[in-house]
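This report concerns only the one structure given below.
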Amino acid sequence: MLSRLSDRLAKLEEIAAATLAAVITLLILTNIAFRAAGSPLYWISELSIYAMIWMTFLIASVVLKRRQGVAVTLLSDVLPRLVRRVLTAGVDAMVLAFALLLLWFCWRWYQPLALARAGFDVQAFQAETFNFIYAETTSTLGIAKFWVWLVVPWFALSLSVHGLVNLVGALRGLGRTRDGSTPPEASS
């Protein structure tokens, strides 16, 4: 079930990232046209940057799910199959640990319980916590930056799901023989 969730989540992230890539292209072309006409739209540049940030985080999650990140495999390619599987499980464990740590940092950063205790009153939240995350606005768009930054907790949560699925799959793969079957001593 978690594996299907991970697959669907990755597909959703991939579609969203591709859509954002198209949107970024259109925004940049629109801005070029307006600059050529002598009246640039400065908010387009800012929106393009934020769309690019979201696109990067979304596709990074998919890349890590598929284990397609940039890697130097010079050593791992010459290792025996079992050692490579252990190495893969170790990398998956580190990805999961990073994702969970990032999720914890996001929880500390956004402080949703403190915001709820303050009755979702941003002024009261700021006075109590000295956390101004909900008050900062973007330069030209004028929207609260925390909306833009929500991609970080999304990434952390998504990567946690993908990392867990990959780690479980890698650990299951450790008990398999060369032909893919489970050895008799591992199944007991």
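Compare Ala16, Ala116, Ala170 in a GNM of the chain, Cα atoms joined below 10 Å, and give the one with the largest fluctuation.
Among Ala16, Ala116, Ala170, the largest GNM mean-square fluctuation belongs to Ala116.
Could you state the angle between the C-alpha long axis of helix 42-65 and the longest principal axis of the C-alpha atoms of the chain, as a value from 0 to 90 degrees rounded to the nearest 10?
Helix 42-65 sits at roughly 10 degrees to that axis.
Please compute the Kirkwood hydrodynamic radius of region 107-161 from all pairs of different C-alpha atoms, in Å with one decimal.
Numbers: mean 1/r = 0.0825 Å⁻¹.
It works out to 12.1 Å.
At each listed q (0.09, 0.16 Å⁻¹), what is the log10 of I(q)/I(0) that the Debye formula gives for the chain modelled as equal alpha-carbon point scatterers?
-0.50, -1.08
Take the Cα coordinates of region 8-108, assign each an equal point scatterer, and use the Debye formula without solvent to give log10 I(q)/I(0) at q = 0.17, 0.19, 0.20, 0.23 Å⁻¹.
Evaluating at q = 0.17, 0.19, 0.20, 0.23 Å⁻¹ gives log10 I(q)/I(0) of -0.90, -0.99, -1.03, -1.15.
Mind ranking 152-159, 65-72 by how tightly packed they are, going by the mean number of other C-beta atoms within 10 angstrom, highest first?
Values: 152-159: 20.1, 65-72: 11.1.
Highest-to-lowest ranking by the protection proxy: 152-159, 65-72.
How much accessible area does Thr19 have with a 1.4 Å probe, in Å² rounded to the nearest 10?
Its accessible surface works out to 80 Å², give or take rounding.
How much mean residue ellipticity at 222 nm does the chain get from its helices, if each DSSP H run of length 4 or more adds -39500 (n - 2.57) and you divide by all residues, to the nearest 500 deg cm²/dmol? Present the calculation step by step, with values, prior to reporting the outcome.
Details: 8 runs with 136 residues, N = 188.
After summing the helix terms and dividing by the residues of the chain, the value is -24500 deg cm²/dmol.
Using a probe radius of 1.4 Å on heavy atoms only, what accessible surface per residue do you get for the chain? Whole Å² is fine. Let's see the in-between values first.
Numbers: 11990 Å² over 188 residues.
Accessible area per residue, the chain: 64 Å².
Using only Cα atoms and rounding to the nearest 10 degrees, what angle (0 to 90) does helix 2-36 make with the longest principal axis of the chain?
The two axes meet at around 40 degrees.
Would you please give the residues with an amide H less than 5 Å from that of Ile133, counting only those at least 5 places away or on a separate chain, with H modeled from the backbone geometry?
Placed amide hydrogens put nothing under 5 Å from Ile133.
Considering only protein heavy atoms and a probe of 1.4 Å, how much of the accessible area of region 1-159 is carbon and sulfur, as a whole percent?
Working: 7320 of 10200 Å².
The computed percentage sits at 72.
Roughly how many Å² of Glu14 are accessible to a 1.4 Å probe, to the nearest 10?
Counting only protein heavy atoms, the figure is 60 Å².
Residues of region 112-141 with amide nitrogen under 12 Å from the 7 Å Cα-to-Cβ point of Tyr42?
Flagged as within label range: 139-141.
Treating the beta-carbon of each Lys and Arg as +1 and of each Asp and Glu as -1, no other charges, what is the dipole magnitude of region 23-146 about its Cα centre, to the nearest 20 debye? Could the numbers behind the result be given before it?
Details: 10 positive and 6 negative charges, 122 e Å.
Computed charge dipole of region 23-146: roughly 580 debye.
Report P(r) for region 66-136: all Cα-Cα distances, bin width 10 Å, range 0 to the bin holding the largest distance, values in whole percent.
All Cα pairs, binned at 10 Å, distribute as 17, 30, 16, 15, 15, 7 percent.
I'd like the distance separating the alpha-carbon centroids of region 135-160 and region 47-103, in whole Å.
Comparing the Cα centres of region 135-160 and region 47-103, I get a distance of 22 Å.
The values are calculated or read from the model by the stated rules, or taken from the named source; none is laboratory data. Computed from a prediction, not measured in an experiment: that's the story for all the values here. Note: ideal-geometry Cβ built from the backbone for every residue, glycine included; neighbour counts use all protein chains shown. To get the accessible areas, we keep the full protein, side chains included, count just its heavy atoms, and leave off ligands, DNA and RNA. Shrake-Rupley method; radii C 1.70, N 1.55, O 1.52, S 1.80 Å.
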